[in-house]
Amino acid sequence: MTMTTGLRRAAPAAAGGPPATGAPPGATARRRPQNRWALLFLTPWIIGLVFLTLGPLLASLVMSFTDYDLLTAPRWAGLGNYTTMFTADPLWRQSLTVTAVYVAVAVPLQLAFALLLATILNRGIKGMSVWRALYYLPSLFGSSVAIAILWREIFGADGLLNTLLGVIGIHSTTSWIGNPDWALGTLILLRVWEFGSPMIIFLAGLRQIPAEIYESASLDGAGGLRKFFSITLPMLTPIIFFNLILQVINAFQVFGSAFIIGGGQGGPGNSMLVYTLYLYQAAFTNFQMGYAAAMAWVLLVIIGTVTAANFWLSRYWVHYSDAE
């Protein structure tokens, strides 16, 4: 009796009826017009991806193996650009060194300063929204041409810094931007000044830490520093890691501030000759488009390698609350 009933129920499916998947018979037919509309609305993005992103990306890869000066037809050079870069170009090595120092110093200082301010703002001071907006302003204007020009005026020989030093009795005529020992430091300081974006992210992370944990630590006699290093920092490590990845990638691509403050030439003794500035000079000053394309791909590999290394190292210091 039971077997007969089962065969009767299976019969419509065997006879070509709708499959026993739980979906209404016309669901697939109704999805087709929706898919067409979705594809229609995605078409501008797909066209932009193919012709404005993937196309130029592949073209630059091919160009990196050529000798191309924008005026004559490109000539195939094989690995010539890469060989010159790695073995016979001291300026390339210097630009890479300057960029590495910039990233290694500026990013930790920026994140530390952003975390400090986020911790202060998290204490619930009056007018929080106003202070938060004011602190975020440097991130909006820090990379602009106007702020870079202002930075030159602050650290020039007759700039604001020397004027303030004169008020306290320290008379200096040093152009901090014109001094090879201090020029990169002014660029790093400008990067630290752009702390607003990571600060807002840190502040959001601090708001997610349960207050009960701090209360329990206080009952156990933990002080402010102990709670910061034993509770706040471990629970903020995913946020720190997120900010670290973003800021390292952005720092490797610094250009505008270095171009303006360094006068477009890399500053005194090429002390501000960051990688992207030298790439720009190779492409649009020396018209070595093939060489510049090769530099761009090397930079992509460097950023990818550093990012992958950070992800690999994160397993040793990033702690997730839901991890078992």
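The values are calculated or read from the model by the stated rules, or taken from the named source; none is laboratory data. In this text, all values refer to a predicted model and were calculated from it rather than measured experimentally. Don't worry about glycine lacking a Cβ; one is built from the backbone with ideal geometry, like all the others, and counts go over all protein chains shown.
Tabulated results
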quantity	calculated
Any chance ILE209 is surrounded by fewer than 18 Cβ atoms within 10 Å (Cβ to Cβ), touching a Leu at 6+ places or on another chain (Cβ under 8 Å) and either in a helix (DSSP H, G or I) or of a type in the set (A, V, I, L, M) (or both)	yes
Meets criteria (surrounded by 15 or more Cβ atoms within 10 Å (Cβ to Cβ) and farther than 25 Å from MET63 by Cβ) for VAL274	no
So ARG93, is it modelled with pLDDT of 90 or more, among the basic types (Lys, Arg) and surrounded by fewer than 14 Cβ atoms within 10 Å (Cβ to Cβ)	yes
Residue within region 252-259 that is at pLDDT 95 or above and either of a type in the set (A, V, I, L, M, F, W, C) or over 17 Å from TRP92 (Cβ atoms) (or both) present	yes
Hey, GLY22 over 30 Å from THR285 (Cα atoms), of a type in the set (Gly, Ala, Ser), at pLDDT below 75 and loosely packed, with under 10 Cβ neighbours inside 10 Å or not	yes
Members of region 79-90 that are under 30 Å from the mean Cα position of the chain (by Cα) and surrounded by 14 or more Cβ atoms within 10 Å (Cβ to Cβ)	ASN81, TYR82, THR84, MET85, ASP89
Checking ALA282 against (1) of a type in the set (Gly, Ala, Ser); (2) within 23 Å of ILE177 (Cα to Cα); (3) out of contact with any Ser or Thr (no Cβ under 7 Å at 6 or more places or on another chain), the condition it does not meet	(2)
Residue within region 172-186 that is at pLDDT below 80, in a loop (DSSP other than H, G, I, E, B) and of a type in the set (A, V, I, L, M, F, W, C) present	no
Residue, surrounded by the most Cβ atoms within 10 Å (Cβ to Cβ), within region 33-78, restricted to residues that are in a helix (DSSP H, G or I) and in contact with a Phe, Trp or Tyr (Cβ under 9 Å, 6 or more places away or on another chain)	SER60
Among the candidates TYR82, TYR102, residue that is farther than 15 Å from ALA296 by Cα and hydroxyl-bearing (Ser, Thr, Tyr)	TYR102
In region 153-171, the residues that are assigned to a helix (DSSP H, G or I) and among the β-branched types (Val, Ile, Thr)	ILE154, THR163, VAL167
Filtered residues of region 212-255 (kept if of a type in the set (Lys, Arg) and either loosely packed, with under 15 Cβ neighbours inside 10 Å or under 25 Å from the mean Cα position of the chain (by Cα) (or both))	ARG226
Pairs where the first residue, in region 284-312, is surrounded by fewer than 14 Cβ atoms within 10 Å (Cβ to Cβ) and the second is in a helix (DSSP H, G or I), C-beta under 9 Å, 6+ apart	PHE284/ALA292; ASN286/ALA292; PHE311/PHE241; PHE311/ILE245
